[in-house]
Amino acid sequence: MQIETALLIEWVVKSTILIFALLTGFAYTTFYERRLLALIQVRIGPNRTGPFGFLQPAADGLKLIFKEELIPANAYKFVFILAPILTVIPALIIMAVVPWGGAIELFGRQIALGLTDINVAILYLLSVASISVYGIVLAGWSSDNKYAMMGGLRSSAQMLSYELSLGLAFVVPILLAGSMSLNQIIEAQRGVWFIFYQPIAALVFYIAMLAEVNRAPFDMPEAEQELTAGYHTEYSGMKFSLFFMGEYMKMIAVSAIFATLFLGGYRGPFVDTYPLLGPLYLFLKVFLSLGLMIWIRATLPRLRYDRLMAFGWKILLPLSILNVFVTAVIIVVFGL
Amino acid sequence: MLDQWLFVGIFVSIAAVFPLLPLVMARFLAPRKPNRIKQETYECGIETVGDTWVQFKIQYYVYALVFLIFDIETVFLYPWAVSFDVLPLFAVFEGVLFILILAAGLFYAWRKGALEWS
Amino acid sequence: MTADLILFFGLAAVAIGAALGMLLSKNAVYSALFLILNFATVAVFFLLLGAPFIAMAQVAVYAGAIMVLFLFVIMLLGAEQLLTSHKSGWQRPIAILLTLVLLVESIYLIFGRGRLLSQVAPVASDYASPEAIGELLFSRYLLPFEVTSILLLVAMVGVIVLIKKPKANN
């Protein structure tokens, strides 16, 4: 396993760029959400910090870092500190397999825009998604708070339930592209985006991913009326903001994955001639998807928990199984 | 191929260290004046009664178990979907049969009320 | 080659440490966490062997689904703390005996018959690609595969029978 130094530097630089992109993305997604929600609710939203309120995320971050962090006396201290870290890690690493563009030429080297291209990328996404439950369940358990405990359990059971539909929705792009590599799935969408072949799979995927990142109308942790703040009831200061960061980074990540699987990823007009357009197209698609998420939050009321589980198991899961079945049969019969 | 995984490994290591930074920063910047009342469970709310770690609904366990079974089936479907083009018709049919068994399991669980949030 | 070896032994140390931590933890949730770490390191071992599909399945199924189930069971029972008075006298000697047998077997396999391992022909570079796995799974191993699906169905039926409330009595 001999690796050139230049290659190693390239990857460290790319990793750093990706992490900082996600960090900036997190900060400005909170801003985007607050401004867009305000717009929908005919308010103004944060507009005082810097031009158009652009420095609001920095102000929020500064405020949070100077807040005292409380740990309940009876909490399991180690797990209590570990839980927010375990929430952020999957949110970051799930982006490792998502390509941001084709290859560009830089310093006489061919540099692929994207961290890695592995042939089991979809399975990687599924396994990272299944790991991401732990932060929530452990936060709930370690807090020594009944609201946190129940909130953590509910959120994790919800994530499990919708993960199945998510996993089955993954099968369809694999069927259409004949590969688990995200680069090849994007290549297969050169002509028509998969959302047009498979609107049902795209819909199932979008709903399941909303539930997976605990967004409205599936935002159990924020069911204030019954659970206070769910699994992060006892968290404050930076540990709370790590949960917040995890949630928003996951929003960005799942939007990028949705764009990759169903909206042609980084592909768009002239992307073959100007590969640098790739990240821009991906950004636009992610931006639109995030906007849709915020719009959904502003529009739909939260589901009651029993209905939420019933929806996941009795509507979404049968629908996704049926969809895989029908897709397979159609491909066989019509030989697509 | 292993190279690509090495890069995933590098990224995972960087990602694992990254969330520690804000925590360390907060440790130096944030005030720390804990006292007994602040550290109470659900501070500033109503005092809690009894133990937190009680037995709860068995339904969570059922969901986790059914999830486990379906998760395994999903993982098995992936290689089938990848090699769909090159498989003989018979094998494709076997995969479809597999999906039907999956659906039968779901149907059974449904009928027996395992999915009800009673 | 040395980098590989360093990586391997480092991971092996983590895996063994995690396994020991799992056994020795007083708190069942900590045991579960150590087991997750152990599964994750095993997944990396699979990666080093050039089997990414199995590695990812290991993470998704074992470190993901099965351990969530374990955690739920531990929390469901409220059984985080092991009672210190609970000691079963007959289990320990049997466990030690079985461990010794396993150890002797492994040593015999590695050092006594280790020569066999070096004679295995090198495999094709794409032997573990998802396509290859799919083709093998649906041709040569078709019957075990279908039996697996029936087994999973039986497991599901078992779960549902076990949790069913005895309606006749109540």
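The values are calculated or read from the model by the stated rules, or taken from the named source; none is laboratory data. As the structure is a prediction and not an experimental result, all values here were calculated from the model. Here the Cβ positions follow ideal geometry from the backbone for every residue, glycine too, while neighbour counts run over all protein chains shown.
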Margin query: Of everything in segment A:149-173, what is at the interface with another protein chain (Cβ under 8 Å from one of its Cβ atoms) and touching a Gly at 6+ places or on another chain (Cβ under 7 Å)? Give them in sequence order.
Written below: A:MET149, A:LEU153, A:SER161
Item checked: Residue count, segment A:117-143 (criterion: touching a residue at least 12 places away in the same chain (Cβ under 8 Å), of a type outside the set (A, V, I, L, M, F, W, C) and more than 18 Å from C:ALA28 (Cβ to Cβ)) -> 6
Check: List the pairs whose first member sits in segment C:13-34 and is farther than 15 Å from C:LEU71 by Cα, whose second member is of a type in the set (S, T, N, Q) and in a helix (DSSP H, G or I), and whose Cβ atoms are under 6 Å apart, counting only residues at least 6 apart or on separate chains?
Finding: C:VAL14/C:THR41; C:ALA15/C:ASN38; C:ALA15/C:THR41; C:ALA18/C:ASN38; C:ALA19/C:ASN38
Next item on the list: Select from segment C:35-52 the residues that are small (Gly, Ala, Ser) and either surrounded by fewer than 16 Cβ atoms within 10 Å (Cβ to Cβ) or touching a residue at least 40 places away in the same chain (Cβ under 8 Å) (or both) and list them in ascending order.
Entry: C:GLY50, C:ALA51
Check: Any idea which residue in segment B:9-32 is surrounded by the most Cβ atoms within 10 Å (Cβ to Cβ), counting only those that are facing another protein chain (nearest Cβ under 7 Å) and not aliphatic (A, V, I, L, M)?
Finding: B:PHE11
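Matching residues to (1) at pLDDT 85 or above; (2) under 18 Å from B:ILE10 (Cα atoms):
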| residue | (1), (2) |
| --- | --- |
| A:TYR32 | yes, no |
| A:LYS67 | no, no |
| A:ALA73 | no, no |
| A:PRO99 | yes, yes |
| A:GLU105 | no, no |
Next item on the list: Check every one of the helices (runs of 4 or more DSSP H) wholly within segment A:34-139 and list those with 2 or more residues that are away from chain C (no Cβ under 14 Å) and within 30 Å of A:SER181 (Cα to Cα).
Entry: A:77-93
Next item on the list: Report yes if B:ILE58 is farther than 16 Å from A:GLY178 by Cα and modelled with pLDDT of 75 or more, otherwise no.
Entry: no
Notebook entry, point to check: helices (runs of 4 or more DSSP H) wholly in segment A:213-303 with at least 3 residues that are away from chain B (no Cβ under 14 Å) and surrounded by fewer than 18 Cβ atoms within 10 Å (Cβ to Cβ) - which ones?
Noted result: A:277-299
Check: Among the residues of segment A:8-33, how many are among the aromatic types (Phe, Trp, Tyr) and within 14 Å of chain B (Cβ to nearest Cβ)?
Finding: 3
Check: How many residues does segment B:66-98 contain that are within 16 Å of A:VAL324 (Cα to Cα), buried (at least 23 other Cβ atoms within 10 Å of the Cβ) and among the β-branched types (Val, Ile, Thr)?
Finding: 2
Check: In this structure, does A:LEU227 turn out to be on the phi < 0 side of the Ramachandran plot and at pLDDT 80 or above?
Finding: no
Notebook entry, point to check: Do we have C:GLY17 as more than 13 Å from chain A (Cβ to nearest Cβ) and either under 20 Å from B:ASP71 (Cα atoms) or at pLDDT 85 or above (or both) here?
Noted result: yes
Checklist line | Whichever residue in segment B:76-108 is small (Gly, Ala, Ser) and in contact with a helix residue (DSSP H, G or I) (Cβ under 6 Å, 6 or more places away or on another chain) and, among such residues, is nearest to A:GLY167 (Cα to Cα) | finding: B:ALA81
Notebook entry, point to check: Does B:VAL86 count as within 7 Å of chain C (Cβ to nearest Cβ) and part of a loop (DSSP other than H, G, I, E, B)?
Noted result: yes
Check: Is it the case that A:LEU203 is crowded, with 23+ Cβ neighbours inside 10 Å and in contact with a helix residue (DSSP H, G or I) (Cβ under 9 Å, 6 or more places away or on another chain)?
Finding: no
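Yes/no matrix, rows are residues, columns are (1) part of a helix (DSSP H, G or I); (2) within 13 Å of the chain's Cα centre (by Cα); (3) more than 11 Å from every other protein chain (Cβ to nearest Cβ); (4) at pLDDT 90 or above:
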site: C:PHE8; (1), (2), (3), (4): yes, no, yes, no
site: C:LEU23; (1), (2), (3), (4): yes, no, yes, no
site: C:VAL29; (1), (2), (3), (4): yes, no, no, no
site: C:THR41; (1), (2), (3), (4): yes, yes, yes, yes
site: C:ALA55; (1), (2), (3), (4): yes, yes, no, no
site: C:VAL61; (1), (2), (3), (4): yes, yes, no, no
site: C:MET75; (1), (2), (3), (4): yes, no, no, no
site: C:ALA79; (1), (2), (3), (4): no, no, no, no
Check: Does C:TYR141 satisfy being out of contact with any helix residue (DSSP H, G or I) (no Cβ under 6 Å at 6 or more places or on another chain), at pLDDT below 80 and surrounded by 10 or more Cβ atoms within 10 Å (Cβ to Cβ)?
Finding: no
